[in-house]
Amino acid sequence: MSTFLQRQVDAIIVSTSLPPEHPFYQRWANDPFPIVALDRALDREHFTSVVGADQDDAEMLAEELRKFPAETVLYLGALPELSVSFLREQGFRTAWKDDPREVHFLYANSYEREAAAQLFEKWLETHPMPQALFTTSFALLQGVMDVTLRRDGKLPSDLAIATFGDNELLDFLQCPVLAVAQRHRDVAERVLEIVLASLDEPRKPKPGLTRIKRNLYRRGVLSRS
């Protein structure tokens, strides 16, 4: 941060991997220098952040997944201590709270594809293939697909998938897929709006949190129905 200030930048946009309460950001809490958080929220009392509506999006996605007649359900997330992970789980649990079907919750130690693959493969040693799958990132879904394709050569046609993250290649799958994707243009425009406003006025942007809901896409066999 000091290096950027020495270069006399007018504002900084950050997407942090540090927790909001980390001392690195707290030291700038009362500084007038404009810092705008993107994707990962900072302390809303002192900073302005533009993020996805993780809890609302997870609830919407889970509600759509509930419509499928699956008996075994797997929720695959990662790093539950992160705020984004917590919010997505809360959204899922809210949507599923009145559903009698049991949900198995798994948490990888990172959001990497390989971590999800290792965890899912180990889980399959004592459990059958789930009929419904909810993943909190596209990389986690890729890990599940890697294991399933290696074991069975294809994904079950009756596997209902719901995931954060979207890719048009999901349309080639022979099972139903629900995906939510960030509205990147809307997010970028909002961030730039905040930054440019801070340059026009000699003051820090007003602290707060802007949540932007994701778009829902129907992929796999759902895209062809």
Residue count, the range 101-125, condition in a loop (DSSP other than H, G, I, E, B), closer than 13 Å to T72 by Cβ and out of contact with any strand residue (DSSP E or B) (no Cβ under 6 Å at 6 or more places or on another chain), comes to 1
For A78, which of the numbered conditions (1) touching a residue at least 12 places away in the same chain (Cβ under 8 Å); (2) out of contact with any helix residue (DSSP H, G or I) (no Cβ under 8 Å at 6 or more places or on another chain) fails to hold?
(2)
Any pair with Cβ under 6 angstrom, 6 or more apart, that starts in the range 179-199 at a residue that is over 14 Å from T210 (Cα atoms) and ends at one that is polar (S, T, N, Q) and surrounded by 17 or more Cβ atoms within 10 Å (Cβ to Cβ):
A179/T163
Residues located in the range 87-102, provided they are surrounded by 15 or more Cβ atoms within 10 Å (Cβ to Cβ) and not aliphatic (A, V, I, L, M):
R88, E89, G91, F92, R93, T94, W96
What is the one condition in (1) assigned by the TED database to the domain that holds P205; (2) buried (at least 19 other Cβ atoms within 10 Å of the Cβ) that V84 does not satisfy?
(1)
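Do we have any residue at all in the range 20-28 that's buried (at least 16 other Cβ atoms within 10 Å of the Cβ) and in contact with a helix residue (DSSP H, G or I) (Cβ under 9 Å, 6 or more places away or on another chain)? Before you say what the answer is, go through the steps one by one.
Within the range 20-28, the first condition is being buried (at least 16 other Cβ atoms within 10 Å of the Cβ), and the residues that meet it are 20, 25, 28.
Narrowing the set further to residues that are in contact with a helix residue (DSSP H, G or I) (Cβ under 9 Å, 6 or more places away or on another chain) leaves 20.
Yes: one or more hits.
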Those residues of the range 128-179 which are within 15 Å of V73 (Cβ to Cβ) and exposed (fewer than 15 other Cβ atoms within 10 Å of the Cβ), in sequence order
P128, P156, D158
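State which residue is surrounded by the most Cβ atoms within 10 Å (Cβ to Cβ) when the search covers only the range 186-225 and only residues that are assigned to a loop (DSSP other than H, G, I, E, B) and of a type outside the set (K, R). So that I can check it myself, show each step before the final result.
Residues of the range 186-225 that are assigned to a loop (DSSP other than H, G, I, E, B), as a first pass: 201-207, 213-214, 225.
Those left that are additionally of a type outside the set (K, R): 201-202, 205, 207, 225.
On the way: E201: 9, P202: 7, P205: 17, P207: 14, S225: 7.
Only one residue tops the list, namely P205.
The values are calculated or read from the model by the stated rules, or taken from the named source; none is laboratory data. Computed from a predicted structure; not experimentally measured. Reconstructed Cβ throughout: ideal geometry from the backbone, glycine too, with neighbour counts over all protein chains shown.
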